[in-house]
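What follows is one structure encoded as structure tokens, with my remarks underneath.
The values are calculated or read from the model by the stated rules, or taken from the named source; none is laboratory data. Since the structure is predicted, the reported quantities are computational estimates derived from the model, not experimental observations. Glycine also receives a Cβ, built like all others from the backbone with ideal geometry; neighbour counts cover every protein chain displayed. Accessible surface is based on the protein model in full, side chains and every heavy atom, while ligands, DNA and RNA are left aside. Shrake-Rupley method; radii C 1.70, N 1.55, O 1.52, S 1.80 Å.
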Amino acid sequence: MSLLIVNADDFGLHPAIDEAILQIAEAGNITAVSVSSNGKSYNPEKVRDLSQHASIGAHITWVGEAWLTQPYRFESWKELIWRSITGGKAFQKALWEEAEAQLGLLLQAGIAIDHLDSHQHVHVFPSIWPVIQKLSKNYQISFIRCPWAHSPALMRSGISGRMLHRFAKAHRENGFHFSCAGIRLAGNYSLALLEKELSICSGQDTMLIMHPGHNNQQLNQHYGHWHFNWEQEYETLMHPDFNQLVAKYGFQLINTATATNKA
């Protein structure tokens, strides 16, 4: 039997996202949640409630939100990566200080952190990977998401998808063995599309990355340019057949804390 982590991203960015994730976690269909502590709706009390139902990860958010430590806001991952390459040691230091500050907010609230990842997967780029590695080592958080897909049918399309796969594959070969699903059509998974990816992943330890939420005017005003169907992903994870699909393709649901202990 293979292991399946169902991870919801972006908790802390908007109340409509937070509410949906908490509801699914309470239902037992989300096992891990990645939290953006610099998000507009971040609330440590809500994260503590969430931690009763799922493992908590630090979703280091260098892109799309204001930084805690510097007057920076990078709207594009390309802009951030370019700055990380050209900014020298000073910007590397800034990346580290921001990552540590975001993680620190969670730790100061007494929240156990079981995994690390980043918004838009930017941590796997060579110019940023050393920062996430240092965070992992200094705070003894051994599980780092590696968004590698074991089949081309699971990969994001285009040049950006090929780059992501290439960089993630290099890190996977260094011990980060979970493959990922939920990348190709991020934010737009129906039950049928999810079944297709689970069937491809059968036999592989997998992290399924989901983006549930409740569609409303405010959420679409802030993040409509992502072209996500948050409600559809919420309904997919809450569907009565979801757990049947998990069993059908030979998966055991676990959280990231359990995955770390099995490593």
Selected from 134, 40, 89 as most flexible by GNM, with the chain as the system and alpha-carbon contacts under 10 Å = 89
Magnitude of the Cβ-charge dipole of the chain, K/R +1 and D/E -1, about the Cα centre, nearest 20 debye?
-> 1040
When all protein chains stay in place, what accessible area (Å², nearest 10, 1.4 Å probe) is found for residue 49?
-> 80
What lysines sit close enough to residue 78 to cross-link, taking a C-alpha to C-alpha distance under 25 Å and skipping anything fewer than 8 places away on the same chain?
-> 40, 89, 93, 134, 169
In Å, the C-alpha Rg and Dmax of the range 138-263 are 15.4, 43
Among 90, 186, 101, the residue with the largest mean-square fluctuation in a Gaussian network model of the chain built from Cα contacts under 10 Å is 90
Long-range amide H contacts for residue 207: which residues qualify at under 5 Å (H placed 1.01 Å from N, peptide plane, sequence gap of 5 or more or a different chain)?
-> 5, 179, 180, 181
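Can you tally the net charge around residue 197? Count Lys and Arg as +1, Asp and Glu as -1, for every other residue whose Cβ sits under 14 Å from the Cβ of residue 197.
+2
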Quick one: plug the Kirkwood hydrodynamic radius of the chain (C-alpha pairs) into Stokes-Einstein at 10 °C, 1.306 mPa s, and report D in µm²/s.
-> 87
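Compare 1, 207, 163 by solvent-accessible area with a 1.4 Å probe and give them largest first, with all protein chains kept in place.
Heavy-atom accessible area, descending, gives 1, 163, 207.
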Using the Cα centre as the reference, give the magnitude of the dipole from point charges on the C-beta atoms of the range 1-153 (Lys, Arg: +1; Asp, Glu: -1; all else neutral), rounded to the nearest 20 debye.
-> 580
When ligands, DNA and RNA are left out and all protein chains stay put, how many square angstrom of accessible area per residue does the range 107-190 have with a 1.4 Å probe?
-> 44
R0 = 22 Å: FRET efficiency of residue 157 with residue 78, Cβ-based, nearest 0.05?
-> 0.85
Asserting the computed 222 nm helical MRE of the chain (DSSP H runs at least 4 long, -39500 (n - 2.57) per run, divided by residue count, to nearest 500) equals -13500 deg cm²/dmol
Give the relative contact order (percent, whole number) for the chain; include only Cα pairs under 8 Å separated by 6+ residues.
-> 25
Karplus-derived HN-Hα couplings along the range 157-169 (A = 6.51, B = -1.76, C = 1.60, θ = phi - 60°), whole Hz, x at Gly and Pro | 7, x, 4, 4, x, 5, 5, 4, 4, 4, 5, 5, 4
